1. Give the lysines whose C-alpha is closer than 16 Å to that of K41, dropping any in the same chain fewer than 8 places away, or say none.
2. Give me the percent of the accessible area of the chain that comes from carbon and sulfur atoms, probe 1.4 Å, all protein chains in place.
3. How do 84-91, 213-220, 200-207, 113-120 rank on mean C-beta neighbours within 10 Å, highest first?
4. Nearest 500 deg cm²/dmol is fine: what mean residue ellipticity at 222 nm does the chain get from its DSSP H runs of n ≥ 4 alone, each adding -39,500 (n - 2.57), divided by its residue count?
5. Place the peptides 157-166, 183-192 in order of packing, highest mean first, counting for every residue the other Cβ atoms within 10 Å and averaging per peptide.
6. Please state the relative contact order of the chain as a whole percent: Cα pairs under 8 Å, 6+ residues apart?
7. Can you tell me which aspartates and glutamates have their Cα less than 19 Å from the Cα of K60? Leave out same-chain residues fewer than eight positions away.
8. What FRET efficiency comes out for the pair K11/F208, r = Cβ-Cβ distance, R0 = 41 Å, nearest 0.05?
Amino acid sequence: MKTFTETEINKINNEKIKKNENYFNRGLIKCPVRGWNYSWKNKDAPRCFCIMDFIQWINKYNIQNVKILNITDNNDPELEFISSKKTNLYKYNSELNENDLHITNFDKCDFFIFNQTIEHLYNPFIALKNIYNSINNNGYIFTSVPSMCIPHNTPIHFGNYTPTGLAMLFLSVGFEILEIGFWGNRNYIINSFGINHDFPDIYKCNTFNEEKNVCGTWILAKKVI
């Protein structure tokens, strides 16, 4: 496991996480997700901005097409924007303890996509290292995770991640960070923890992204040996 000094962490934060003003002021694009009926309605607000970043990033790094793709949920909306010659599904089954990310022997792949999962891993380092070992050299990984949200699937909810926390987890395992995105605002937090205690969609919040009120974060990383 890699370790880091506070100086190194600050450098990582400045180089990989800090955003310019345009990132915080951007609005929603028209929903491109066919499986969501091209509508953001009733979808958790941070995930909307996550999808926007995902589409931009896979185009930036030219990874719209891969040979082998490993996934944990075939309903992830990001899957509409990437194609593969072969896709392996590892959907978790709690009753049978199948496809536990901590111990599953995954097939080798060129891209591993899993979302809204790390908060439900009792030892995310072990699980992520297991995933790392399954990815071919120069392969990619993408995930999203809550930074601030209501507890869910309790007691199997162990914690949330700041953008810096997510970055350090991936770096500790051995990944190279390509991109980190995040979104949140005070209005989302109030709606989440208010009377309804749910995951408000973007139409219950404003679209402004407030750096001090991050509610969700996501990462694209690469395995380089």
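1. Within the straight-line limit of under 16 Å, K41 reaches these lysines: K30, K204.
2. Answer for the chain: carbon and sulfur cover 49 percent of the accessible area.
3. Result, highest mean Cβ count within 10 Å first: 213-220, 113-120, 200-207, 84-91.
4. -7500 deg cm²/dmol
5. 183-192, 157-166
6. After rounding, I find 25 percent.
7. E15, E78, E80, D110, E176, E179
8. 0.90
The values are calculated or read from the model by the stated rules, or taken from the named source; none is laboratory data. Values in this document were obtained by computation on a predicted structure and should not be read as measured data. Every residue, glycine among them, receives a Cβ derived from its backbone with ideal geometry; neighbour counts consider all protein chains shown. The accessibility values were calculated without ligands, DNA or RNA, using every heavy atom of the protein model including side chains. Shrake-Rupley method; radii C 1.70, N 1.55, O 1.52, S 1.80 Å.
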